[in-house]
Structure formats: C-alpha cells, structure tokens
Amino acid sequence: MSKRSLIDRDRASVWHPYTQMLTAPAPLPIVKGEGVYLYTEDGRRLLDGTSSWWVNIHGHAHPRLNQALIEQARQLEHVVFAGCTHGPAVDLAERLIRALPAGLAHVFYSDNGSTAVEVALKLAVQYWRNIGQSQRRTFITLHHAYHGDTVGAMSVGEDSIFTQAFTPLLFPVTRVHAPYCYRCPLGLERATCQIECLADLEQALHTRGDEVAGVLVEPMLQGAGGMIVWPAEFLAGVGRLCDRFGTLFIADEVLTGFGRTGRMFACEHASVTPDIICLSKALTAGYLPLGATIATDEVYEAFLSHDRTKTFFHGHSFTANPLACAVAVASLDLFQEHDVLGRIRRLEAQLRAGLLPLRELPMVGDVRVIGGVGIVELVSDKHTRKAAGYLDGIGPRLADAFLKRGLLLRPLGNVVYFMPPYVITDDEVAWALDQIADVLEDFPAV
Ligand code: PLP
C-alpha cells in the first residue's frame, strides 16, 4: 500500500462528480466516519452538515447498522433478483408498505434515486399502455425540479445548468409553477395568497390531460433546485388535481423520505397518497445504494397478464441487493426503537430559533426550515432579491469558510443549507448554527 497521501493518489486517477477538475480544491481525504463526524487523513474532525449528500440519518458507522451488514454478508451478499427472492428484500418490502401511506403496496427495487425515478416514469407510461391508453405518455413536472442525473430523470428536471449539455438527449415535458414563495412566480405574498400558482398545473391538465401519464413532484421540499419549502396546501392541490383529471400522481421522496421533512414521508404533510412513490438516499440510512419505487394495486395489476408484452422489462444487476436491504430493515428498526421523529421535531425547533434571526442580515433574503433542514437563501440585493443561483461563486467561498471551522457544508450556489444526521445532539446543533451565523455575519469578508 502506497504511503503517498490519498489526495496525491486521487489526483492521478479519480474524476469527481459536480467538480471542475481543473480548478477545484483538492478533495477532502476522509478516512473515518463516526456519528455526525468525518475524520480526514491529516487528523481534522468535520461535522457532516449535509448528511453526506442527504443520505445519512442515524450517524456514520452505527453499531446496529454495522452489525446488520456483517450478519447479512456472512449469509448472502447478492443474488439475481429475477427469478430468486430473499429474506431481506421481502422483509424490507413488508416494512415499507406498513410505513408508507396506505394504498402503496408493491415494491420495485433498483439501485439509487435516479433509477427509482426512471422506474416510476417507465411504470407510468407502460401502465397506460397496458390498459389501452398509450396516448398518455407525457409528464407534467415543476420548475426548479431535480430528479436525478440519468437521461429520463434529467428530462423531468428543470431545464438548468445541470442538464443544458444534454438537451439533445432529453424528452419534452410540460413544466408548471412550483410554489417558490420567496420568488413567487405570480408576484404574490404567501401571507395573503390562495395558492394561485396551482392554477398553472390545472391549466396544463386541462389542455393536455389526455396525454399525461403522470404528474411528478418532490413533495414539500424541492432539493437540488434550491431547497424550496412548500406550503402543504400546494401538495394537497396536486393530489386533488391528479384525482380530478385521472392521471397518475408520482411523488419523488428520494430526498424527503424517512423523516427529513419531519414526517416519515413528506406526503403525510397533506395526507395525500401518490400512485407511485420513489425512495432512496436515507432508505439504507446512507450505507449502501438502493432505490425503491412503490406502486398501488391499480398500477401493479395492469402488469398482471399472460401477454408478455405487458411485462415490466426493467432490472439492474444489483436490484434488491441483500446487504442494502438488510441495513434498510435495521434502519427502520431504529425508527421503531427510538423516537426518531420526535428528535427531528426538536431539531426543527432549534433550527428555527437559530436561523430565523439571520433574516436581519443584509444579504440574507430568506430563511426556510422544514423538519431536519435549515436553509438560508442569500441575495446580492435584498429589495430586488437578485442572486446568481447555483454557479454563484459565493457557494465555494462559504464552503471553505465553514470548512476552516470544522463544518462540512456544500451550499447550492447562493443557497446555504444545514441537513445533519438526526443523531446530532442539541449542543452540536448549537455549535453548527453559531458557525453559520458567524460566517454569514462576516460576509462578504469570507
Ligand atoms: N430525486 C431527488 C429528489 C433527489 O434529490 C435526488 C438526488 O439528489 C435524486 C432523485 C437522484 O438520486 P441519486 O443521486 O441517488 O441518483
């Protein structure tokens, strides 16, 4: 084994995601994780303020999850899931169905969040085809949406810097207003509005309804598109409109699932049940890649046929990987044994108390909090709300300033957010909020 530092070895051979390799600072060489902390090769301790890209919930190297992984590895590490089954996959499906809004009953496994979304899109299109309505093959999605980086998932995301280079590959969709209240698409104020932005979806369904396979949304919290927190009324309205126009309601809960918004699933905020839900990220508590797309009886039954053309021809080598499923079951055990949702409620209260006062700072445009996520949107002019968006150079500068203080954050351009694993203690939250406040108070000197 080479004694050279990880960074030197990495530079020679590794291509990192979302990273301009020519100009980016050297990647952080992480050698260990424990609880909410990550440790670098050169001995620094960093608080994982983004839950390692929104996946970790119970902390790094959790003894119970480690144990579940080891026990499963001793038993069965992997097996083809077409024609075979195994305990962890069945147990996890049963547990998910019990935890999800009633009606979601059939679990299709894949590998990650993007594939969970791809599966949902393909299920929706084939569902309509199988029941003789093959004209329903387009999707309505929201502005600011992000659903992943594979081609289908990019197509249904916002037309943005993330997707521009790939436009020739993408299929067309209809994009309608999102309830981005701080930048209301209709120029209204949340305190007095009646969720008028929903009319855009209604109009799209009215004009294109017969062609629409599904309406796809990230309920309550649009993540990579700017950490946009919704009024629950908008989500309720999406559910109502999908029912009224008889189209499929698809919820992408890859980010929001497993407590992140304060409820086990974000759809619970408006008591809506989608026809299809997509899960990943915290599904395995951040241990292993796994996706799950869960559908209702109605969707599933459209695939029950002797006609082979009605089969769902989709699968990945690592579909339902037993190691990942076993850890996911152990993670759900932790939800049952500890009051995890209660912990998130306390975290939410602390985030509100610590972050809301930052609204007074000259460059803070908006502060939003939902569940275990605290968000500060920066602007260059408070009155015009001007901001440079994802490519705003302030993001990396702030990340560097936080890093120097031992806090690992990854702002989305001008949007700073804090999304720690739920096991973070009150003292650790207080410390992290102090770092955020101090750095922002010093801005633009950072
Ligand atoms: N959907 C949502 C809402 C996401 O936030 C993400 C990733 O950030 C994805 C899908 C894609 O997940 P993955 O990165 O695992 O492919």
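The values are calculated or read from the model by the stated rules, or taken from the named source; none is laboratory data. Bear in mind the structure is a predicted one, so any value in this text is a computation, not a measurement. Reconstructed Cβ throughout: ideal geometry from the backbone, glycine too, with neighbour counts over all protein chains shown. Remember, those area values only see protein heavy atoms, side chains included, never the ligands or the DNA or RNA. Shrake-Rupley method; radii C 1.70, N 1.55, O 1.52, S 1.80 Å.
Details
- Checking Ala401, Ala353, Ala349 one by one, the residue that is buried (at least 18 other Cβ atoms within 10 Å of the Cβ) and part of a helix (DSSP H, G or I) is Ala401 and no other.
- Between Tyr127, Tyr146, the distinction of being buried (at least 24 other Cβ atoms within 10 Å of the Cβ), at pLDDT 95 or above and assigned to a helix (DSSP H, G or I) belongs to Tyr127 only.
- Checking the stated criteria, Asp159 turns out not to satisfy the condition of being closer than 27 Å to Tyr390 by Cα and within 16 Å of the ligand (Cβ to nearest atom).
- The residues of the range 51-106 that are open to solvent by 80 Å² or more (accessible area, probe 1.4 Å) and of a type outside the set (A, V, I, L, M), listed by number, are Trp53, Pro63, Arg64, Gln67, Glu71, Arg74, Gln75, Glu77, Gly83, Thr85, Glu94, Arg98.
- Which listed residue is open to solvent by 10 Å² or more (accessible area, probe 1.4 Å), of a type outside the set (D, E, K, R) and not in a strand (DSSP E or B), from Thr273, Thr261, Thr256: Thr273
- Whether a residue is among the hydrophobic types (A, V, I, L, M, F, W, C), modelled with pLDDT of 95 or more and touching a Ser or Thr at 6+ places or on another chain (Cβ under 7 Å) was assessed, and Cys278 passes this test.
- Tally, over the range 124-136, of residues that are in contact with an Asp or Glu (Cβ under 7 Å, 6 or more places away or on another chain) and basic (Lys, Arg): 1
- Residue within the range 136-156 that is touching a residue at least 24 places away in the same chain (Cβ under 8 Å), away from the ligand (no atom under 16 Å from the Cβ), within 29 Å of Phe81 (Cβ to Cβ) and not charged (D, E, K, R) present: no
- Residues that are open to solvent by 50 Å² or more (accessible area, probe 1.4 Å) and polar (S, T, N, Q) within the range 302-336 comprise Ser305, Thr309, Ser317, Gln336, listed in sequence order.
- Taken over the range 147-191, the criterion of being among the hydroxyl-bearing types (Ser, Thr, Tyr) and over 15 Å from Trp230 (Cα atoms) is satisfied by Thr150, Ser155, Ser160, Thr163, Thr167, Thr174.
- Test set (1) in a loop (DSSP other than H, G, I, E, B); (2) in contact with a Ser or Thr (Cβ under 8 Å, 6 or more places away or on another chain); (3) not polar (S, T, N, Q) - Val107 fails condition number: (1)
- Within the set Ala199, Ala204, Ala191, the sole residue that is more than 30 Å from Thr19 (Cα to Cα) and touching a His at 6+ places or on another chain (Cβ under 9 Å) turns out to be Ala199.
- Any hit, the range 210-226, residues being surrounded by fewer than 24 Cβ atoms within 10 Å (Cβ to Cβ) and farther than 30 Å from Pro421 by Cα: yes
- Within the range 297-308, residues that are closer than 16 Å to Leu104 by Cβ and in the same structural domain as Ile97 (by TED's automatic domain parsing) reach no partner that is assigned to a helix (DSSP H, G or I) and of a type in the set (Val, Ile, Thr) with beta carbons closer than 9 Å at six or more positions or on different chains.
- Residue within the range 280-295 that is more than 15 Å from the ligand (Cβ to nearest atom) and outside any helix (DSSP H, G or I) present: yes
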